[in-house]
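The structure under discussion appears below in the form of structure tokens.
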Amino acid sequence: MQTTLKPLTMPLPVSRAMRKLGQDLRDARLRRRIPVAVMAARAGLSRMTLSKIENGEPGTSLGSYASVLFVLGLEGRLADLADVKNDELGLKLEEDRLPKRIRHSSTQKAH
């Protein structure tokens, strides 16, 4: 029995974000006047993979995106994508779980 791979389906907001990221990377490359062949070589990628990145194709590895960011001098932003300080929802949920007040046990009162 032969299995076929389904195309990678992404939620629409994720697809849009990937396309925007690809376009932003392409624009950054063009602002720096780096030709496709040079960019691909510096990032250690094929021209086809660079094209997929610039088109925002979701099946391209994160490592390839990271290499392109490095060549553009933008790799520092990658480390902050899921940083706790940028996780407003997670911080709010954590805050909601904090106790409203703290009661001391009788053994702690003696100190």
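Each value in this text was obtained by applying a stated rule to the coordinates, not by laboratory testing. If you're wondering where the values come from, they're calculated on a predicted model, not measured in any experiment. Here the Cβ is made from the backbone with ideal geometry for all residues, glycine too, and neighbour counts use every protein chain on show.
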Next item on the list: Take the stretch 31-82 and flag every residue that is among the charged types (D, E, K, R) and either in contact (Cβ under 8 Å) with a residue 24 or more places away in the chain or closer than 25 Å to residue 13 by Cα (or both).
Entry: 32, 42, 52, 54, 57, 75, 77, 80
Next item on the list: Quick one: which residue in 69, 21, 45 is in contact with an Asp or Glu (Cβ under 7 Å, 6 or more places away or on another chain) and surrounded by 13 or more Cβ atoms within 10 Å (Cβ to Cβ)?
Entry: 69
Next item on the list: Considering only the stretch 66-86, state which residues are under 18 Å from residue 31 (Cα atoms) and either of a type in the set (Ser, Thr, Tyr) or in a loop (DSSP other than H, G, I, E, B) (or both).
Entry: 67, 73, 74
Notebook entry, point to check: If you check residue 28 against the conditions, is it touching a helix residue (DSSP H, G or I) at 6+ places or on another chain (Cβ under 9 Å), free of Cβ contacts under 8 Å to residues at least 12 places away in the same chain and either surrounded by 14 or more Cβ atoms within 10 Å (Cβ to Cβ) or not in a helix (DSSP H, G or I) (or both)?
Noted result: no
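Part of a helix (DSSP H, G or I) and exposed (fewer than 10 other Cβ atoms within 10 Å of the Cβ): does that describe residue 89? Spell out the reasoning first.
Details: part of a helix (DSSP H, G or I): yes; exposed (fewer than 10 other Cβ atoms within 10 Å of the Cβ): yes.
For residue 89, the condition - part of a helix (DSSP H, G or I) and exposed (fewer than 10 other Cβ atoms within 10 Å of the Cβ) - is met.
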